[in-house]
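Undergrad: A single structure is presented below for examination.
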Amino acid sequence: MTALAVGDLAVTSAILQVLPLTLVLGAALFLGEKVGWRRWLSVAVGFAGCC
């Protein structure tokens, strides 16, 4: 949390925007949550848009 508070605003914003995408990905892969094709598509588009 300290690193986010002291770092650049652009980096902090990018990390906070990609966090929900990584949570969906992690829940599906490690916890076995069911994720539909629409959500997978939105996660893929989100990752493609942030890079």
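Undergrad: Could you give me the residue pairs with C-beta distances under 7 Å whose first residue belongs to the range 35-50 and is in contact (Cβ under 8 Å) with a residue 24 or more places away in the chain and closer than 11 Å to Leu25 by Cα, whose second residue is hydroxyl-bearing (Ser, Thr, Tyr) and open to solvent by 70 Å² or more (accessible area, probe 1.4 Å) wherever it lies, and which are 6+ apart or on separate chains?
TA: From the range 35-50, no pairs qualify.
Undergrad: Right, here's the next one. What number of residues within the range 2-23 are within 20 Å of Lys34 (Cα to Cα) and polar (S, T, N, Q)?
TA: 1
Undergrad: Sticking with this one: Which of the residues that make up the range 26-46 are open to solvent by less than 60 Å² (accessible area, probe 1.4 Å) and of a type outside the set (Gly, Ala, Ser)?
TA: Val35, Val43
The values are calculated or read from the model by the stated rules, or taken from the named source; none is laboratory data. Here the structure is a predicted model, which is why all the values come from computation and not from measurement. As a convention, Cβ positions derive from the backbone with ideal geometry for all residues, glycine included, and neighbour counts pool all protein chains shown. These area figures cover heavy atoms from the full protein model, side chains too; ligands, DNA and RNA do not enter into them. Shrake-Rupley method; radii C 1.70, N 1.55, O 1.52, S 1.80 Å.
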